[in-house]
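Contents: one structure, followed by commentary.
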Amino acid sequence: MKAEESLVYSFYVLFLISFMGSWEMLFAVGLLIIIGSIIVLKKFRPLRLLLPVLPFMTLMCLPMVISALLGVRSNDQIFYLRIVYKLGISSVVLSTLIEKYSSLYLLDGILALGLPNVLNTIFALTFRYFYMIESDVQIGNKAMKSRGIQNRKGLSIVFIFGEWIGGFFLKSSIHAELVHQAMLSRGFGLGSEKIKRMSLKKLILPTVVFLLLIIMDKVIQRGYFC
């Protein structure tokens, strides 16, 4: 499966989760997502997949737990539970996508979605800029460890950090100039190179499946199967 197809299918799943209102469909989709994540990933670690939204989910569940301990019943608890559940399975989808594919692979997928060339150029250069910053941070960490910063005490640690931060900002200005030159060399603002875009025909099947599942969800909510 190509990068752009993986992104598009993930977007469809996320939109499907947000539109669904019946617990039956939510449980079925959630079960399929978990099974798919287990198949795709070599090591299925649920806590790691939920980690991006775990603090928010905890805060959402805390009032419900307190209300249950105090014996207070609220009609909003089902609504909050639905939000927490949707957050959880959405996090599993996105985390699986990020763990399965590299950032460069996902960037290629974004560039092939059919966005304007100016936006594609901005995405590509922003990725390159943050990649350079990440490389500098890793180099800085290795340099501080080689200087034995873990064994330093007192104000000497402050001086080392100050020197590292100062050098980091100097390199940031150099990176900004490099990115600016890269923008000029790619004709930024004058029209950039055309990128092969995803065919719209590949969206027909996921769109039909998406609409059918939404219709099925609405039918279950109205109780036609009861």
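The values are calculated or read from the model by the stated rules, or taken from the named source; none is laboratory data. Bear in mind the structure is a predicted one, so any value in this text is a computation, not a measurement. Here the Cβ positions follow ideal geometry from the backbone for every residue, glycine too, while neighbour counts run over all protein chains shown.
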task = Output the number of residues of the stretch 27-60 satisfying the condition of being over 13 Å from VAL92 (Cβ atoms) and surrounded by 14 or more Cβ atoms within 10 Å (Cβ to Cβ).
result = 2
The stretch 49-100, residues that are farther than 25 Å from TYR9 by Cα and β-branched (Val, Ile, Thr) = THR58, VAL65, ILE66, VAL72, ILE78
inquiry  = With the condition being assigned by TED's automatic domain parsing to the domain that holds VAL209 and within 22 Å of LYS202 (Cβ to Cβ), I'd like the helices (runs of 4 or more DSSP H) fully within the stretch 1-84 carrying at least 1 qualifying residues.
reply    = 3-19, 23-40
request  = Inspect the stretch 96-103 for any residue being of a type outside the set (Ser, Thr, Tyr) and free of Cβ contacts under 8 Å to residues at least 40 places away in the same chain and give the result as yes or no.
outcome  = yes
